[in-house]
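Participant: Structure provided below as structure tokens; questions to follow.
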Amino acid sequence: MSDTTPIVQIRNLHKRFGRIHAVNDISLDVERGEVVVIIGPSGSGKSTLLRCVNRLEVPNGGSISIDGIEIHNDESQINQMRAEVGMVFQQFNLFPHMTALENIVLGPVVVRNWERERAEILAHELLAKVGIPEKADAYPEQLSGGQQQRVAIARSLAMQPKIMLFDEPTSALDPEMIKEVLDVMLDLAHEGMTMLVVSHEMGFARAAAKRIVFMDQGQIIEITTPELLFTAPKHERTQRFLSQILH
């Protein structure tokens, strides 16, 4: 695809859970190298939207294209797409019986068919990148929450994804551990990684986002820049939300 084509194209997306219309007719483009941060109250559909992008949830309508290819419910196509789209969750989801290094090596060896030695070299580089090179042989239970989340980020990066999705990656962390994870994400943003981030961290949104999407009740209420969001939000609902979270 040409570099001018958005790497993520979401068109008229719907997702329902029974009577709940979690994602209601959402359309959104994400450009290559762009950081888009999605904010909004709990239950507004932010995480569901993200989970639809990599098909952890199957939409009820609309379309999603990744790098010019529309994603359908074909399992081999979905697996191929997931190899290009890294996702970091609230919970770290590391394999407890594997060291940090082994957790990171697994994807490139199993999915990408890399030689183990090559994967281990990359894993050590990525542990250094996320600031914990000395934790290669540590098991998850020996790591703090912030360290586990940084291993989870390194694990996603080991697949050399085109896009990174972050679903409230700091919400399960103690306050003093949040900054170390956000710093890693900020570095990725500055390096030009395409990122779609659901987060309550307004400081990160202000520092890293090119655009901020405000959602409520399954719909996009406002899309704007960080500068305009914090100084002149257009929509009354956005103003009310910000007044509650910016003390």
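Participant: Indicate the gyration tensor shape class of the stretch 192-247 (rounded, prolate or oblate), computed on the Cα atoms with a ≥ b ≥ c the square roots of the eigenvalues: a/c under 1.5 is rounded; otherwise a/b larger than b/c is prolate and the rest oblate. Let's see the in-between values first.
Facilitator: Values: a/c = 1.65, a/b = 1.36, b/c = 1.21.
Because a/c hits 1.5 or more and a/b exceeds b/c, the stretch 192-247 counts as prolate.
Participant: Right, another one. Structure shown: which of Lys15/Lys179; Lys46/Lys210; Lys179/Lys210 lie over 24 Å apart, alpha-carbon to alpha-carbon? Show your work: numbers first, answer last.
Facilitator: Working: Lys15/Lys179 33 Å; Lys46/Lys210 18 Å; Lys179/Lys210 20 Å.
Beyond 24 Å between Cα atoms: Lys15/Lys179.
Participant: Then there is this: Please work out the Cα convex hull volume for the stretch 93-152 and give it in Å³ per residue.
Facilitator: 72 Å³
Participant: Let me ask something additional. What's the long-distance tail for the stretch 1-108, i.e. % of Cα pairs beyond 15 Å?
Facilitator: Working: 3984 of 5778 pairs.
Every Cα pair in the stretch 1-108 considered, those over 15 Å come to 69 percent.
Participant: Where a Cα-Cα gap under 19 Å defines reach, which aspartates and glutamates qualify for Lys234, not counting those fewer than 8 residues away within the same chain?
Facilitator: Excluding near neighbours in sequence, the set is Asp216, Glu222.
Participant: Mind giving me the nanometre distance, one decimal, between the label points for Glu84 and Glu191, set 7 Å out from Cα along Cα→Cβ?
Facilitator: About 2.0 nm, to one decimal.
Participant: Hey, another quick one. Mind listing the phi-derived Karplus ³J(HN,Hα) values for the stretch 210-225, rounded to whole Hz, using 6.51, -1.76 and 1.60 with θ = phi - 60°, and x for any glycine or proline?
Facilitator: These are the phi-based 3J(HN,Hα) values: 7, 9, 10, 9, 9, 10, 8, 6, x, 10, 7, 8, 7, 10, 8, 8 Hz.
Participant: Find how many whole Å separate the alpha carbon centroid of the stretch 58-90 from the alpha carbon centroid of the stretch 117-174.
Facilitator: 23 Å
Participant: A further question follows. If you count only protein heavy atoms with a 1.4 Å probe, what accessible area per residue comes out for the stretch 161-245, rounded to a whole Å²? Walk me through the numbers before you get to the answer.
Facilitator: Values: 3830 Å² over 85 residues.
Ligands and nucleic acids excluded, the figure is 45 Å² per residue.
Participant: Provide the per residue accessible area, probe 1.4 Å, for the stretch 1-98, rounded to a whole number of square angstrom.
Facilitator: 47 Å²
Participant: For the stretch 124-247, what size does the Cα cloud have along each of its three principal axes, sorted from largest down, in whole Å?
Facilitator: Result for the stretch 124-247: principal-axis Cα extents of 51, 29, 24 Å.
Participant: Let me ask something else. Based solely on its DSSP helices, what 222 nm [θ] is calculated for the chain when runs of n ≥ 4 H residues each add -39,500 (n - 2.57) and the sum is averaged over all residues, nearest 500 deg cm²/dmol?
Facilitator: When only DSSP H runs of four or more count, the value is -11500 deg cm²/dmol.
Participant: Under a 10 Å cutoff between Cα atoms, tell me which one of Asp29, Asp67, Asp174 has the largest fluctuation in the Gaussian network model of the chain.
Facilitator: Its mean-square fluctuation being the largest, the pick is Asp174.
Participant: In nm², what is the average projected area of the convex hull enclosing the Cα atoms of the chain?
Facilitator: 13.8 nm²
Participant: Same structure, new question: Looking at the chain as a GNM with Cα springs under 10 Å, which of His124, His200, His72 has the largest mean-square fluctuation?
Facilitator: Ranking His124, His200, His72 by mean-square fluctuation puts His72 first.
Participant: Suppose we keep just the DSSP beta bridges with both residues in the stretch 137-245; what percent of those would be antiparallel, to 5?
Facilitator: 50 percent
Participant: Through the Karplus equation 6.51 cos²θ - 1.76 cosθ + 1.60, θ set to phi - 60°, convert the phi angles of the stretch 144-154 into ³J(HN,Hα) values in whole Hz; use x for Gly and Pro.
Facilitator: My calculation for the stretch 144-154 gives 5, x, x, 5, 4, 5, 5, 5, 4, 5, 4 Hz in order.
Participant: Count charges around Gly62 for me, please; just the other residues with Cβ under 15 Å from its Cβ, Lys/Arg as +1, Asp/Glu as -1.
Facilitator: +1
Participant: So what J values fall out for the stretch 170-187 if you push phi through Karplus, 6.51 cos²θ - 1.76 cosθ + 1.60 with θ = phi - 60°, rounded to Hz, Gly and Pro as x?
Facilitator: 10, 5, 9, 9, 5, x, 6, 8, 5, 4, 5, 6, 4, 4, 4, 5, 5, 4
Participant: Determine by what factor the alpha-carbon radius of gyration of the stretch 16-63 differs from 2.2 N^0.38 Å, reporting the quotient.
Facilitator: 1.19
Participant: Among Phe89, Phe17, Phe230, determine the one that fluctuates most according to a GNM of the chain built with springs between C-alpha atoms less than 10 Å apart.
Facilitator: Highest fluctuation among the options: Phe17.
Participant: What are the residues whose amide H is under 5 Å from the amide H of Phe166, where those residues sit 5 or more places off or on another chain and H is modelled from the backbone?
Facilitator: Val88, Leu196, Val197, Val198
The values are calculated or read from the model by the stated rules, or taken from the named source; none is laboratory data. Because the structure is predicted, anything quoted here is derived from the model rather than measured. Note that we place each Cβ from the backbone using ideal geometry, even for glycine, and neighbour counts take in every protein chain shown. Areas reflect the complete protein model, heavy atoms only, side chains present, ligands, DNA and RNA absent. Shrake-Rupley method; radii C 1.70, N 1.55, O 1.52, S 1.80 Å.
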